[in-house]
1. May I ask for the percentage of alpha-carbon pairs in segment 376-456 that lie more than 18 Å from each other?
2. Leaving ligands and nucleic acids out of the surface, order Ser52, Ser416 by accessible area at 1.4 Å, largest first.
3. Towards the positive end of the charge dipole of the chain, with charges on Cβ (+1 Lys, Arg; -1 Asp, Glu), say which of Trp471, Met132, Leu80 has the farthest Cα.
4. Nearest 0.05, what FRET efficiency do Ala275 and Lys148 give at R0 = 45 Å with Cβ-Cβ as r?
5. Given Cys171, Ala319, Val56, which one lies farthest toward the positive end of the charge dipole of the chain, if we put +1 on the Cβ of every Lys and Arg and -1 on the Cβ of every Asp and Glu?
6. Using the Cα atoms of segment 223-329, I'd like the radius of gyration and the largest Cα-Cα distance, Dmax, both in angstrom.
7. Quick one: P(r) of segment 38-177 from all Cα-Cα pairs, 5 Å bins, percents rounded to integers, in order of increasing distance.
8. Starting from the 7 Å offset along Cα-to-Cβ, what nm value, one decimal, do you get for the label separation of Ala209 and Thr75?
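The values are calculated or read from the model by the stated rules, or taken from the named source; none is laboratory data. Computed from a predicted model, the values in this text were never measured in an experiment. Methodologically, a virtual Cβ is constructed for each residue, glycine included, from the backbone with ideal geometry; neighbour enumeration extends over all protein chains shown. With ligands, DNA and RNA removed, areas are computed over all heavy atoms of the protein, side chains included. Shrake-Rupley method; radii C 1.70, N 1.55, O 1.52, S 1.80 Å.
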Amino acid sequence: MSVAKKLAGQTAVYGISSIVGRVLSYLLVPIYTSRFAAAEYGIVTALYAYVSFLNVVFTYGMETAYFRFANRPDTDRKALYSQVLSLLLISSVVLSGLLALLATPLMNLMHLPPGHERYAVWIALILGLDAMAAIPFARLRLENKARKFATIRLVNILLTVGLNLFFLVLCPDVLAGKYLPGLQSILAPLYDPSIGVGYVFLSNLAASALTLLLLWRELTDFRFRLDLPALKPMLRYAYPLMLMGLAGMVNETLDRILLGSWLPQGFYPGKTNLAAVGIYGACYKLSIFMSLVIQAFRYAAEPFFFSQSTNKNSPATFALILKWFTICCALIFVLISVNIEDFSLLFLRRPEYREGIVVVPVLLLANLFLGMYYNLSVWFKLTDKTYFGTYIGFGGALLTIALNFLLIPLLGYMGSALTTLACYFSMAAICWWLGNRHFPVPYPIFRLGLWLALAIGLVAVSWYTPVAGYWLRHLFHLVLCAAFAGLVYLVEIRGRRAALVS
């Protein structure tokens with residue numbers, strides 16, 4: 001249990017930067033939509049959609065490969081670090097240079113308006129800088145320096161938000177004479193109105209550059225070494241992870257792209273397809289609470305799993321971690337789903353968005369299974385059979401496309417939500433089945449199934465049991481949440497203690 005507590009503590013530290021970053025980025029959306037026309041903000045949305053795929057290409061699975069090979073016996077970690085960082089430095093410069101040189105044709109290929117090629121150049125620099133920082137960040141995780149990792153991430157986030165507020169709110173308002181007229185002479189040389197939405201990218205670029213400066217100790221603590229024959233085993237290990245990452249991006253983002261194309265016109269009376277996509281996208285944001293936990297867990301778990309790979313008790317440890325991860329996520333699922341009205345009022349300010357909250361429990365459950373998949377995937381990473389992850393990821397991508405094609409015309413955005421659930425559940429189930437054959441771990445699958453069934457049952461009771469009165473309804477929901485937490489305590493904590501004593 002002590003190793004699980006250690007992992008939980010590190011997850012909490014990593015989670016600070018993830019939670020703050022997601023929350024602050026969410027709070028920036030109202031600023032963007034109030035300052036820019038829809039067409040302008042569409043440029044930001046389109047470019048960052050491509051960034052999610054290009055980030056995978058720029059790091060090509062080398063973070064996980066670094067963890068794996070650094071934990072092998074007799075590995076010279078310092079030499080390995082220098083080799084991997086040298087390789088990423090070269091590839092980042094080459095890839096960023098290519099993107100910058102091809103800015104014009106790429107913008108045309110993405111059907112974005114001309115005159116914004118500099119945005120593509122700034123995006124290329126952001127991708128390169130972030131890729132260069134990936135291995136120093138991985139080293140901090142490997143060395144269990146969670147606090148430094150989280151601190152640098154937080155500084156990056158705060159600078160991004162601060163620069164957005166400075167260039168998008170303070171400068172235009174002051175120069176327009178709305179307030180603080182004494183600052184006009186100072187801000188005028190710093191602000192160019194023609195850049196407009198480009199300040200979103202420039203803010204990100206400045207934050208990425210500062211991140212490299214804050215990682216200066218890790219960046220200078222290496223010697224440029226490039227031995228490609230020595231790196232070949234790592235590249236063979238990493239490239240399936242890159243393909244798996246690209247497939248994962250399909251599973252994560254493609255539904256919002258396909259919904260607008262495959263939804264029949266007039267499916268939702270009085271609403272355009274674009275409005276339906278907006279409702280679904282806004283409601284998708286409410287599943288952020290589950291994805292935050294998963295992201296924080298992944299930061300801490302990946303190096304932890306590799307560090308335990310040579311321990312004879314590691315299968316039991318992995319089983320224990322999956323159990324508590326699933327139970328904690330099930331509790332989050334219950335808390336948010338039974339109180340969805342309160343969460344929707346807090347985050348979905350306009351009533352039209354709240355029409356889609358029915359998809360939120362489905363998406364929360366989908367993300368829970370995604371988190372289980374990340375736990376279960378440890379077997380193919382520890383056995384160097386990462387190609388299985390590629391097969392599973394691409395299988396999920398094909399399922400995502402097929403089910404969206406079938407369900408969107410029938411169920412609208414609920415079809416997209418159910419597709420996401422089916423995809424992540426299938427990936428977790430297949431990963432568990434294959435892992436049982438190649439790297440047996442005594443996961444308490446039946447027990448976890450019962451906890452999930454109980455969680456889903458409590459959510460269903462809350463949704464389909466009408467309770468009149470605001471306070472009485474909230475008391476009822478509180479009782480349901482307390483019932484789940486109480487049963488977990490009685491069965492998994494108190495019950496286990498009693499069994500150990502006896």
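1. Value for segment 376-456 (Cα pairs over 18 Å): 52 percent.
2. Values: Ser52 30, Ser416 0 Å².
Correct descending sequence by accessible area is Ser52, Ser416.
3. Looking along the dipole axis, the top candidate is Leu80.
4. Numbers: r = 44 Å, r/R0 = 0.99.
E between Ala275 and Lys148, to the nearest 0.05, is 0.50.
5. Toward the positive end, the furthest listed residue is Ala319.
6. 20.9, 63
7. 2, 8, 14, 16, 17, 15, 11, 8, 5, 2, 1, 0, 0, 0
8. Using points 7 Å along Cα→Cβ, the separation is 3.4 nm.
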